[in-house]
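Undergrad: Submitted below is the structure of interest, expressed as structure tokens.
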Amino acid sequence: MFKFFRKNELVEKNDKQELKKIPTHVAIIMDGNGRWAKKRNMPRIKGHYEGMQTVKKITKYASKLGVEYLTLYAFSTENWARPKEEVSYLMDLPEKMFSSFMPELMENNVKVEVIGVVEKLPENTRKAVNDAIEQTKNNTGLKLIFALNYGSKDEMLRAIKQITKDVQDNKYSIDEISEEHVSENLFTANTPDPDLLIRTSGEQRISNFLLWQIAYSEFLFTKVAWPDFTEEEFYKALLEYQSRDRRFGGLNED
């Protein structure tokens, strides 16, 4: 049994010995911030703050392990229904995070990207996000993708509308519409589909996240709340992933 991450150090030798198959793209539904805070008699925003610290840790660790894409479900189109104070705090988080995390993003060669309807976010949120994208645009390492004001049903509806327009403009016929036409009109057009989807805090549902893209993803649900999701938990998730037999609808050779 290996000891993991004593004093925040990575046990790189053990990583290389055990972790032989790294997923190209990991997507995470970061759930449980509010319940984590409530359990400790703290305000919900404290849970979101601690969740932000987890984002930093997991981003750096995923980068060191060689994950190429990390997509984090940060704010859904349904989250606007939460209490006004909480929504306001969540909209301020990108500015708080990038102002403190940018040096480490640059040091780790991480490129920031965003999917979702960014233009409907508050001005300060858009500025923080766009500044981070601009500052990291030349980085060539891990692509850190935040799903902000994102909903998969909305994403697919937008794709359908664009495909309909393309047909009307005689770019192709209805009979020529393919899966590729759908994929290339999604927010994730330039990103491979997730190999592994992780949801924290025990819930076992997808919550309108990447519905088209996760058709053949491996799912992993953990009871650990997002603020408590450590490098060790991420490592264990990747170990579980490499034990899976991915058949993409076919049969294995056995």
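Undergrad: Please state which one of Leu186, Leu148 is of a type in the set (A, V, I, L, M, F, W, C), under 28 Å from Val87 (Cα atoms) and under 15 Å from the mean Cα position of the chain (by Cα).
TA: Only one candidate passes the filter, namely Leu148.
Undergrad: Let me ask you something else. Do you know which of the residues in region 15-45 that are surrounded by fewer than 18 Cβ atoms within 10 Å (Cβ to Cβ), of a type outside the set (S, T, N, Q) and out of contact with any Leu (no Cβ under 9 Å at 6 or more places or on another chain) is farthest from Leu148 (Cα to Cα)?
TA: Filtering first and then ranking leaves Lys16.
Undergrad: Of all residues in region 33-51, which are closer than 10 Å to Ala225 by Cβ and among the polar types (S, T, N, Q)?
TA: The answer is Asn33, and nothing else.
Undergrad: Return the total of residues in region 98-131 being of a type in the set (Gly, Ala, Ser) and not in a helix (DSSP H, G or I).
TA: Counting residues in region 98-131 that are of a type in the set (Gly, Ala, Ser) and not in a helix (DSSP H, G or I) gives 1.
Undergrad: Every residue in region 149-178 that is surrounded by 14 or more Cβ atoms within 10 Å (Cβ to Cβ) and either among the acidic types (Asp, Glu) or closer than 19 Å to Leu105 by Cα (or both), please.
TA: Asp154, Glu155, Asp166
Undergrad: Based on what the data block shows, is Lys16 more than 27 Å from Glu119 (Cα to Cα), in a helix (DSSP H, G or I), at pLDDT 95 or above and of a type outside the set (A, V, I, L, M, F, W, C)?
TA: No.
Undergrad: Additional query: So if I check each of Glu240, Glu203, Glu232, which one is surrounded by 10 or more Cβ atoms within 10 Å (Cβ to Cβ), assigned to a helix (DSSP H, G or I), touching a Phe, Trp or Tyr at 6+ places or on another chain (Cβ under 8 Å) and not aliphatic (A, V, I, L, M)?
TA: Within the list Glu240, Glu203, Glu232, the selection yields Glu232.
Undergrad: Where residues in region 132-145 are within 18 Å of the chain's Cα centre (by Cα) and part of a helix (DSSP H, G or I), which of them is nearest to Glu179 (Cα to Cα)?
TA: My answer is Ile133.
The values are calculated or read from the model by the stated rules, or taken from the named source; none is laboratory data. Just so it is clear, the structure is predicted and the values come from calculations on it, not from any experiment. For neighbour counting, all protein chains shown are included, and Cβ atoms are generated from backbone atoms with ideal geometry for every residue, glycine included.
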